[in-house]
1. Identify the single condition in (1) under 23 Å from Asp53 (Cα atoms); (2) not in a strand (DSSP E or B) that Arg345 does not satisfy, given that it satisfies every other one.
2. Of all residues in the stretch 552-572 being assigned to a helix (DSSP H, G or I) and either in contact (Cβ under 8 Å) with a residue 60 or more places away in the chain or surrounded by fewer than 17 Cβ atoms within 10 Å (Cβ to Cβ) (or both), which is nearest to the chain's Cα centre (by Cα)?
3. Taking Asp294 as the residue in question, decide whether it is acidic (Asp, Glu) and on the phi < 0 side of the Ramachandran plot.
4. From Ala64, Ala23, which residue is of a type in the set (Gly, Ala, Ser) and at pLDDT 95 or above?
5. Name the residue, out of Leu234, Leu197, that is surrounded by fewer than 24 Cβ atoms within 10 Å (Cβ to Cβ), at pLDDT 95 or above and under 16 Å from Ala281 (Cβ atoms).
6. Residue by residue through the stretch 500-533, note down the ones that are buried (at least 21 other Cβ atoms within 10 Å of the Cβ) and touching a His at 6+ places or on another chain (Cβ under 7 Å).
7. Could you list, in sequence order, the residues of the stretch 471-512 that are closer than 22 Å to Leu410 by Cα and free of Cβ contacts under 8 Å to residues at least 12 places away in the same chain?
Amino acid sequence: MSSRLTIALSLVVSVVVYQAGWAGTSNSLLDVSPDGSLLLVTNSDNGTVTVVDTKAQKAIHEIAVGDKPEGVTWIGNGPLAAVTVNREHKVVFFNPRSGKIIKTLKVPFEPYGIVANTAGTRAWVTHDYPGLVSEIDTKTMQIVREMKAGKFLRGIALPPDEKRLYVAEFYTATLHALDLASGKVVDTWQGQPRDNLCRHVVIHPSPSYPKAYLSHLRAKVEVADGSGSIFPALSICDLRPKEGRRRVRIDMDTYNNVRVVTNPWEAAISSDGKRIYTIYAGTDDMNISKLLNDDYQEIERIGNAINLGKNPRAIRISPDDKTVYVYNSLDFAVSVHDADTMRRRATIRVCDPPKTPEWVLGKILFNTANPPLTSRRWIACSSCHPDGHSDGRVWQNPEGLRKTPHLFGLAHTHPLHWSADRDEVQDFEYTIRGRLMQGRGLLKGNIKPKKGFEPTELEEKLSGRSKELDALAVYTNSFEFILSPHIPAPGKLSAAAERGKKLFFSKEVGCSSCHSGPYYTDSTLKQPFNLHDVGTGDLDPTEKIGSKYDTPTLLACYRTAPYLHHGKAKTLKDVLTTFNKRDRHGKTSHLSPQQIDDLVAFLKSLPYELPPDTTSNTVKYRVPPKKK
C-alpha cells in the first residue's frame, strides 16, 4: 500500500471516529445521538427525559426519571444514555430506543452536568454542592472514583484527546482542568471577581486549537441599576499550558450594537470548529459567531441576534453541522433550525406544562428581561435568583449592603427583604418600576409613589389586582427545600450535630429564641414584625434603613455563604465568633472551640427533616402542597 493511500485512509478513519465521538462532550439538557437520529431532551420541571426521532420530528418516548433532571448524555454510540437527577442525587441509565430505565445509581449530592467518553466506557458527573466530580464505569454502572475540584461545580466538558476534564464553578466562572490519569486538578483559570453564574463549558473540537468557552454573567455589585449591574459575558480560556493570553472575557451586552442580550445559558460549537452558537435565556435569543481561531479578537458576529422561543436553556448541533436544536424550556418544545440561516424548520412539543398555569406564567415572568418587566433588557429576576438560589453576591443597594437571599421556603417566611419592608411578593412591582429594572410594570394604573426609604410597599396592597403579579408570586413562593447532605440519614443527626442541637436550643446560648419553629425563623406577618438588632448593622456605614433585621431561615445555610445581611461573615463559624463578640446574636463567647464546631455541625445539618407544607405564616399565593 502506498504511503499516500495510507495517509488518506488514516484521515478518513480519524474523521469517522471524531464524528462518532461528537455526542455528549459538554453538559446540556440536550444531546444528539452520534448518528443524528435521536435527540434527548431533559425536562427539568417535569422530571422527565423526552426522546425525539429527528427524521420524523416527533417525540417517541417521555421517560419519568425524578425530581429536577439537569444533564443528559449518550453513552458512546448507544443504545445507552444517562441523566443526572439533581434533587434526588442519582444518575438514571436508560435505553432511548425502548424508553426503558436500565438502572438508577445513587450518587453524591446535587449531580448537575454529565459527559461520556467516545468509547462509552466512562461517564463523569459534576456535583453542585460541595464541588465534586464523580467517575462512573458505564459497564457496571457504578462510581469508581470521586475527585475534588473547586466549589459549586456545574459545567463539564471533555476535550478531543480525552485526557482531561474541564469543569466550571457556578458562582465564579473559574475553570479547572482535571487530569484523568491522576484525578488531580492540574491547572486553573481564575474568573475575574465580577464573574458569576456559569453553568456550562464547551471545548473547541480541534486538538490543534485547544480553547474553552464559558457563558456566564458579570455582576457589578456596586451599582443597583437596570442598565449597569449585570452583563452577559463569554470567557475564552487558552488551554495550552502557560501560553498565550490565559483567559479573555468578551462582554456580550454591546455585541449586537443597540440590542442587549441577557442571561447567557450555554453555547455549542460546530464540529468543524468554524461557528459558535450562544443562547440567552433572559431575552429569548441567540448569537451566531465565527470562531476566528486567533488569540486576539477570538469571535466575530454573523448577522443580528436571532429570536427564539421562551427561555431557551439548551442548544445542540447535529453531527453533520446542518441542523441546530434549541430547547425553549417554557414553550416545552424544541425548535429545529437550519444551521446556516437559522430558519425554523419545525417545532417539536416534548412535554406538557407542569404544576399550574399560574406557576408557568410566573416562571416566564421571573425569567424574562423583556418588557414589561424591564425597558433596558439587562436584568431579570432570575439574574440574581437563578431557579430560586442566590447569586452568592452582596450588593451595594441604596439602603445599604444586602446579600442576595435564596427563595426556598419563602411562602412560609414572610415578610420580605432583610429589613422586612415588603409583606407580599407582589410588592416587587416597585422593583419592576424602579431603578433596578426600569419596566412598565405588571399592574395597570398608578401605585403609591415611593418616598425615600419609607416602607411604602407595606401600605399598598397589590395582591389580587394583577393576574401577572399574582402569577409571579405563585412561582416565587413555590421553591421547596431538600434535605441537607450533612446528615447520616433522613431525620438523623451526627453525634457532633446532636451536641450542637442541644446548645442551639439551650437558654444559655439562645439561638432558638429567634430562629424558632420548623423554618428556624420567627418571621411573621403579624405586625409589628419581629425585627432584631443583633449588632451587625453598625458594620455598614452605608446603612440607611436601620440596624434591625428580619430573622432569616437557617434551612440550607450549609450552602449559602457568605452570611449576615452585609455578607461579611465568610463562614458559619465567623457568624458565631468574629461577628458576635458582644453576644448580641446568641450567647456564644463562653463556648469552647469544640462547642462552636458542634453548633456549626448542627447548622449545616438543617434541614435534617423536611419542614411542613403549611404553617400559621404561610401565604396564599403558591402552588398547592402535594397530596401525601
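The values are calculated or read from the model by the stated rules, or taken from the named source; none is laboratory data. Source: prediction; values computed, not measured. Cβ: placed from backbone, ideal geometry, glycine included. Neighbour counts: every protein chain shown.
1. (2) is the only condition that Arg345 fails.
2. We begin by selecting, within the stretch 552-572, every residue assigned to a helix (DSSP H, G or I); these are 557-559, 572.
Right, trim to either in contact (Cβ under 8 Å) with a residue 60 or more places away in the chain or surrounded by fewer than 17 Cβ atoms within 10 Å (Cβ to Cβ) (or both) and you get 558-559.
Values: Tyr558: 17, Arg559: 13 Å.
Among those that are assigned to a helix (DSSP H, G or I) and either in contact (Cβ under 8 Å) with a residue 60 or more places away in the chain or surrounded by fewer than 17 Cβ atoms within 10 Å (Cβ to Cβ) (or both), it is Arg559.
3. On the way: acidic (Asp, Glu): yes; on the phi < 0 side of the Ramachandran plot: yes.
Considered against the rule, which asks whether it is acidic (Asp, Glu) and on the phi < 0 side of the Ramachandran plot, Asp294 comes out as yes.
4. Details: Ala23 fails: at pLDDT 95 or above.
It is Ala64.
5. Working: Leu197 fails: surrounded by fewer than 24 Cβ atoms within 10 Å (Cβ to Cβ).
None of the others qualify; the one that does is Leu234.
6. Result: Tyr519, Thr521, Ser523.
7. Result: Ser512, single match.
Okay, residues lined up against (1) free of Cβ contacts under 8 Å to residues at least 40 places away in the same chain; (2) over 30 Å from Asp321 (Cα atoms):
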residue: Val336; (1), (2): no, no
residue: Thr347; (1), (2): yes, no
residue: Thr356; (1), (2): no, yes
residue: Trp359; (1), (2): no, yes
residue: Ala369; (1), (2): no, yes
residue: Leu373; (1), (2): no, yes
residue: Cys381; (1), (2): no, yes
residue: Cys384; (1), (2): no, yes
residue: Arg393; (1), (2): no, yes
